[in-house]
Amino acid sequence: MYDVWKNALAEIEQQVSAANFSTWFQNTSLLSAEDGNIKIGVKNSFYVKQLRARYLEIIISALKNNNINVVNVEFEVSSSPKTKIKSREITKNQTSFKDRVKTLHLESKKNQLEYQNGLNDKYTLDNFVVGSNNDLAVSAAKSIIDAPGTRYNPFFLYGGPGLGKTHLVQAIGNELLKRNPNLKILYTPTSHFYSDFIEAIQNGKGKEFNRKFQKLDCLIIDDFQFIVNKEKSQEEFFNIFNDLYQLNKQIIVTSDRLPSQIKTVDERLASRLTWAGAFDLQLPKFEDKCAILRAKADLMGAEIEPEAIEYIAENVNTNIRDLEGEFSTILLMSEVRGLTPLELINNGSVSVNKISKIRPVSPKQIIEKVAKYFNLSVKEMCGKSRVSNIKNARQVAMFLLSKELSLSTNKIASEVGVKDHTTVMHGIKKIEKDLKLDFALRDQIEAIKEKIYG
Amino acid sequence: MKIKVTQEKLSKALNNISRIAIGKVTLPILNNVLIRVNKKKVSLITTNLDMAMIDFLPVSNSEEGVVTVPAKLLAEFISNLPKGEIVEISSSDTKVTISSGKYSSIINGALADDFPELPEINEKQAVTFKLSVEEFKNSLSQVIIASSNDLTRPALTGVYFNTYNHVLAIAATDGYRLAEKKLISKVESEVNAIIPSSSLQEVLRSVSDDVEEIEISFNDDLVRFRLGEIEIISKLIDASFPDYQRLIPKDCNITTVLNREELIRVTKLAALFARSVGGSIICETKKPDTFSVKSIANEFGENDSKIETTVDQTGKVNLNSRFLLDALNALEEPEISFSFSDRIAPILLKNKKDQKYTHIIMPLNS
């Protein structure tokens, strides 16, 4: 019955403005529909009046279109069943947090054994926390679920590691399957794709491999950037892509960067992948991070103070995976030590932001490597020249000194030979800003890091 | 649409009702005030979907029509116009022209189509009470202080209007203290409704000197207040209020009568030393004639004040000084009764003569 109402809502959504829909129809529910007596639960009497006065016709026609017999529609004030805080029952075999984690692990293992379409049903849209960092991608995902293979085809999703790419595309797959269990969906990481492909070629079954994909209604390829240097696989993928696209089948691809920035990806393929636009997942903002942690806490049934959540959100700035990792660690610790998370934080037992990577590198080494990478001498780079490539190298050096060794800006200034710390601060900020957009720079810095530690 | 009205009247009405027109991001039209002229009757309406405020503005001259205008902007514009002038508001489509003497401006309004329809009280089923504004305002202020703003317990975020033994009473609690006031002693109809404190705050703010009577009408899920030309409609909280009568102690072992002003003074003194211990103070009765209030702050020192009274029995209780002060300020008579049993049962505060108001506070663990 719930699903019927969801379908009706989806239809209503297309007939009223977004603002009106989210105000009046969110948090409504279908309470009963016996013998055509429809009862709809709403937030308060203001909603009753408005829905009856303005939207009754739309509601009735939407219900009728979903094959519901409508004789009479009534509205009833009911505090929304969804948002109500559920009281938690602790069963015997789930008494402690450790056990809960264990069962979660077991469950996920079981799922992994069972899957054939590559989908893991723990990824759903319901447990995907929507924020300003990902709302565009999520709304596109929702429209794919409503109408696969139409508007956002192919759906190209990109973003840094641990920001929820896999979660979102798996959720699309799961949701599609829920709506229509007969759909043929395949989720495959790129690495599986090419290893399967190689195996198929070796066994002389290349054609079958291709045919397997052509039968699909929806293909989800994860971590497409690993296709680098796999030219044959790429060609095969290109063929599959074209076949599926011709048949209006939904194709979903994720990657950590835009296709044009993946080395050795054919231009024809790159442009095809972003035909329907590319959606990015960004780092969550502070509020989004809090929301994510809160959702996670609810999911685990764990209790954690708002202050503790804020502390973690403020101090983990890398990605959502790290965020959840820190969160789990703190919860586990609180379970073991018998203190609440906030007490742990206050007495200094956990310090999220002090996970500095202590590696045996000296500032001098970093400066040398950077200079070498940019084909400059150390003297040149640490001089006063304002030629742009030299200046840029210098800023990269400052950035790495700050990030890798956590040196103070004053110290960096003296290492790199610039006048004062404000110059350093400016340099670091500039690189940080550029990193967000400039994938070439990201690669450069990764390469330098490899040189430093490698 | 066209209305002509004095600046004072319009400004007062707009300032009052524009308070709740704080936009929901999802529905920007809620930032607006709806101005409607229908059969010579002018109404200004705002709503935040939890409540609505309507002002039936008496005007000298009007033409029919309806339009919505950003409420805050209009309120501020009107309140900055010179006093005593006549203001004329007219609209064509969504352009709203406001002119007054030398001043005139055009505000971009919005069509009224998107403005929500307001629920109405079903007069036939309604249970209606009339009260003097003065009494209602005082009583509500005495009770509302005890309501909670913890949204996870919705029932406690409002004031409970209920009837028992033909008495209409209002009550509020946040789980640590409870206040009850009996409003009308002989009523026939029954009511059980929790009105959100936020709506009641708006009712209190809308009270003006020239209105003497307030009319309150209840439906199953709606309440309406009528205050002269102002009407306030609010949702009710859909939850059940705790059976609070059971919480009020029936008889207490220890009862003392104290001078209210004196107790306020010594509580304030004690509170100064109680800051580091969460405001915890110790009240103690000592034979034959001492009521003492003590607080200890390890780093600052300690405080011990005494009030003379008659004491039959000795006892001791720890209280939150802020809660005690709130209660004492809500009580009215110069002499009050302070009753308690032991260190865990709630304490009971009442005026010495008038028994309509009851305030109880849970003691702190010592």
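The values are calculated or read from the model by the stated rules, or taken from the named source; none is laboratory data. What you are looking at is a predicted structure, and each value in this text was computed from that prediction instead of being measured. For neighbour counting, all protein chains shown are included, and Cβ atoms are generated from backbone atoms with ideal geometry for every residue, glycine included.
Odds and ends about this structure:
- Screening A:A447, A:A413 for residues that are in a helix (DSSP H, G or I) and farther than 28 Å from A:N133 by Cα leaves exactly one candidate, A:A413.
- Residue in segment B:314-331 that is farther than 27 Å from B:V277 by Cβ and surrounded by fewer than 18 Cβ atoms within 10 Å (Cβ to Cβ) present: no
- Tallying residues that are assigned to a loop (DSSP other than H, G, I, E, B) and either surrounded by fewer than 20 Cβ atoms within 10 Å (Cβ to Cβ) or among the hydroxyl-bearing types (S, T, Y) (or both) within segment A:196-229 yields 8.
- Flag if A:T188 is modelled with pLDDT of 85 or more, within 20 Å of the chain's Cα centre (by Cα) and not in a helix (DSSP H, G or I): yes
- Number of the condition not met by B:E135 [criteria: (1) within 14 Å of chain A (Cβ to nearest Cβ); (2) under 27 Å from B:D354 (Cα atoms)]: (1)
- Residue in segment A:267-276 that is closer than 27 Å to A:V129 by Cβ and within 18 Å of the chain's Cα centre (by Cα) present: no
- Counting only residues that are out of contact with any Gly (no Cβ under 7 Å at 6 or more places or on another chain) and within 14 Å of chain B (Cβ to nearest Cβ), segment A:21-34 holds 7 of them.
- Matching residues in segment A:121-178 - criterion: being assigned to a loop (DSSP other than H, G, I, E, B) and aromatic (F, W, Y): A:Y123, A:F128, A:Y152
- The set of residues in segment B:111-127 being among the hydrophobic types (A, V, I, L, M, F, W, C) and at the interface with another protein chain (Cβ under 7 Å from one of its Cβ atoms) consists of B:L118 alone.
Yes or no, residue by residue, for (1) surrounded by fewer than 20 Cβ atoms within 10 Å (Cβ to Cβ); (2) within 26 Å of B:D55 (Cβ to Cβ); (3) within 14 Å of chain A (Cβ to nearest Cβ); (4) not acidic (D, E):
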| residue | (1), (2), (3), (4) |
| --- | --- |
| B:K181 | no, no, no, yes |
| B:Q201 | yes, yes, no, yes |
| B:S206 | no, yes, no, yes |
| B:E212 | yes, yes, no, no |
| B:E215 | yes, yes, no, no |
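- In segment A:379-395, the residues that are free of Cβ contacts under 8 Å to residues at least 12 places away in the same chain, more than 17 Å from A:I412 (Cβ to Cβ) and not aliphatic (A, V, I, L, M): A:K379, A:E380, A:S385, A:R386, A:S388
- When residues in segment B:177-207 are screened for being without any contact (Cβ under 8 Å) to a residue 24 or more places away in the chain and either of a type in the set (G, A, S) or within 27 Å of B:P249 (Cβ to Cβ) (or both), 2 of them pass.
- The single condition among (1) surrounded by 14 or more Cβ atoms within 10 Å (Cβ to Cβ); (2) assigned by TED's automatic domain parsing to the domain that holds B:K72 that B:I106 does not meet is (1).
- Residues satisfying the stated conditions in segment B:146-163, i.e. of a type in the set (A, V, I, L, M), more than 16 Å from B:E202 (Cβ to Cβ) and surrounded by 18 or more Cβ atoms within 10 Å (Cβ to Cβ): B:A146, B:L156
- Counted residues, segment A:172-225 - those being farther than 25 Å from A:T124 by Cβ and among the hydroxyl-bearing types (S, T, Y): 2
- The residue list A:D288, A:D280, A:D298 contains one member that is assigned to a helix (DSSP H, G or I), closer than 30 Å to A:I185 by Cβ, under 14 Å from the mean Cα position of the chain (by Cα) and not aromatic (F, W, Y), which is A:D288.
- Within the option set A:V370, A:V336, A:V361, A:V350, being modelled with pLDDT of 75 or more, surrounded by 10 or more Cβ atoms within 10 Å (Cβ to Cβ), outside any helix (DSSP H, G or I) and among the hydrophobic types (A, V, I, L, M, F, W, C) holds for one residue only, A:V361.
- Considering only residues in segment B:1-27 that are within 14 Å of chain A (Cβ to nearest Cβ) and either in contact with a strand residue (DSSP E or B) (Cβ under 8 Å, 6 or more places away or on another chain) or of a type in the set (D, E, K, R) (or both), the one that is nearest to B:L200 (Cα to Cα) turns out to be B:I20.
- Filter result (outside any helix (DSSP H, G or I), within 14 Å of A:N67 (Cα to Cα) and not hydrophobic (A, V, I, L, M, F, W, C)) within segment A:1-35: A:E34, A:D35
- Selection within segment A:35-58 - more than 10 Å from every other protein chain (Cβ to nearest Cβ) and over 39 Å from the mean Cα position of the chain (by Cα): A:D35, A:G36, A:N37
- Residues in segment A:30-60 that are touching a residue at least 40 places away in the same chain (Cβ under 8 Å) and of a type in the set (A, V, I, L, M, F, W, C): A:L31, A:I58, A:I59.
- Taking segment B:215-317 and the strands (runs of 3 or more DSSP E) fully enclosed by it, the elements with 2 or more residues that are assigned by TED's automatic domain parsing to the domain that holds B:E134 are at B:222-227, B:230-235.
- Residue match in segment B:141-161 (condition: hydroxyl-bearing (S, T, Y), within 14 Å of another protein chain (Cβ to nearest Cβ), within 18 Å of the chain's Cα centre (by Cα) and on the phi < 0 side of the Ramachandran plot): yes
- Applying a threshold of 6 Å to beta carbon distances and a minimum spacing of six or more residues, or different chains, the list of pairs starting in segment B:223-239 at a residue that is closer than 22 Å to A:G41 by Cα and within 9 Å of another protein chain (Cβ to nearest Cβ) and ending at one that is part of a loop (DSSP other than H, G, I, E, B) and modelled with pLDDT under 95 reads B:K235/A:N44; B:K235/B:D50; B:L236/B:D221; B:D238/A:S79.
- Scanning segment B:32-58 for residues that are touching a helix residue (DSSP H, G or I) at 6+ places or on another chain (Cβ under 8 Å) and either among the small types (G, A, S) or more than 14 Å from chain A (Cβ to nearest Cβ) (or both) yields B:V33, B:R36, B:L44, B:A52, B:D55, B:L57, B:P58.
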